[in-house]
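Structure record follows, encoded as structure tokens.
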Amino acid sequence: MPRTLVVLTGAGISADSGLATFRGDGGHWEGRRVEDVATPEAWRADPDSVWRFYQLRRAALKAVEPNGAHDALASLERRLTGAGIGFSLVTQNVDDLHDRAGSTALHMHGELALLRCEICARRVRDLDSLDAEVHVVCEGCGHPRLRPDIVWFGETPYGLREIERALSRCTHFAALGTSGNVYPAAGFLAAVRAAGAKTWVNSLEAPENLARTDTFLPGRAIDVVPELCEALFAEMTRPAR
Ligand code: OAD
């Protein structure tokens, strides 16, 4: 089987750029009920609060830059695809740091930079309308409130068919900066491991879904990922015996 690498990233990869993760001290969900800000029910019941929460996070993107981990993954993608080796980057992150670093990322949980109309399905890329108190009107149908194009709890992630295809071909897999709490993404590691893929994991502490056969590299992504990318490039391009 030809070698193919799939990389799954989570909030930890952007932590070194200054963006908060979700769980743990100082995380987005600390002291907050997920149901109050990240569900379609919350949006229907209290769109002003949900909008405020996401407007702050959209505005925060203006103040941050990709870090060395994003850059290393973008460079790995260029080098592997240049060598004709399969590579897919799937991210749970809704920030745009992979994209700004030059990666082609499949944003399975949506993107902060996108707004979407629930009535006419129009989607716009807009990081200029950042007032936390002012909703954005849909220019397509006049609906008074575009929603953040984020996959909320209870909704179906984007790109699942494409992700499944990539996972089914994958011989090498790395899960970087994710706590392994949120499915279906948390299940990818076990699925590819069971199918015989070689697996690497980076995060600060061992994630929920870690197994003994995974190569676990604890530490900050900015320190660990550039070196891991070099090791993966060597592994993926090593002549077959
Ligand atoms: P979490 O906040 O659950 O987990 C972050 C992970 O990153 C943890 O395993 C940390 O140890 C690790 N971490 C923190 N700082 C790091 C650093 N500097 N370098 C490397 N690792 C670091 O975030 P996710 O797993 O991404 O969904 O969360 C998954 C989903 O849950 C999110 O996409 C979001 C959330 O609810 C939606 O909003 C739909």
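So what's the net charge close to ALA59: Lys and Arg +1, Asp and Glu -1, counting the other residues with Cβ under 14 Å from its Cβ?
So the surrounding residues net to -2.
Shown for the chain: cysteine residues without a partner Cβ closer than 4.7 Å, namely CYS170, CYS229. Between the helical axis of 221-237 and the dominant principal axis of the chain, each derived from Cα atoms, what acute angle in degrees is found, rounded to the nearest 10? The angle comes out at about 50 degrees.
For the range 171-241, place one equal point scatterer on every Cα, skip the solvent, and apply the Debye formula. What is log10 of I(q)/I(0) at q = 0.20 Å⁻¹? The Debye formula, applied to the Cα set alone, gives -0.83. Size of the dipole of the chain about the Cα centre, Lys and Arg at +1 and Asp and Glu at -1 on the beta carbon, nothing else charged, in debye to 20? Magnitude of the dipole: close to 900 debye.
Taken about its Cα centre, the range 5-104 carries a charge dipole of about 160 debye when Lys and Arg each add +1 at the Cβ and Asp and Glu each add -1 at the Cβ. You can think of it this way: the chain between SER129 and ALA45 has 28.0 nm of extra reach, that is 0.36 nm per residue less the Cα-Cα gap. Comparing LEU106, ILE13, SER49 along the charge dipole axis of the chain, the residue lying farthest to the positive side is LEU106, per the Cβ-charge model. Each Lys or Arg adds one and each Asp or Glu takes one away; over the other residues whose Cβ falls under 9 Å from the Cβ of PRO47, this sums to +1.
For the range 1-158, what relative contact order do you get, as a whole percent, if you take Cα pairs closer than 8 Å and at least 6 residues apart?
Averaging sequence separation for qualifying contacts and normalising by length gives 24 percent for the range 1-158.
Taking the chain as a Gaussian network of alpha-carbon nodes connected by springs under 10 Å, the highest mean-square fluctuation of the residues ASP16, ASP25, ASP149 belongs to ASP25.
Computed from Cα positions, the angle between helix 47-60 and the longest principal axis of the chain comes to roughly 50 degrees.
Taking a Cβ cut-off of under 15 Å around THR213, the surrounding Lys, Arg, Asp and Glu residues balance to a net charge of +2, with basic ones at +1 and acidic ones at -1.
Classify the chain as rounded, prolate or oblate, taking a ≥ b ≥ c as the square roots of the eigenvalues of its Cα gyration tensor: rounded when a/c is under 1.5, otherwise prolate if a/b is larger than b/c and oblate if not. Prolate, because a/c is 1.5 or more and a/b exceeds b/c. Taking other C-beta atoms within 10 Å as the exposure proxy, VAL136, VAL124 rank VAL124, VAL136 from fewest upward.
This model, with +1 at the C-beta of Lys and Arg and -1 at the C-beta of Asp and Glu, gives the range 105-193 a dipole about its Cα centre of some 480 debye. With Cα atoms defining each centre, the range 179-201 and the range 18-62 are spaced 26 Å apart in the structure.
Every number in this text was worked out from the coordinates using simple rules, so none of it is lab data. Since the model is a prediction, treat every value here as computed from it, not as a measurement. Glycine also receives a Cβ, built like all others from the backbone with ideal geometry; neighbour counts cover every protein chain displayed.
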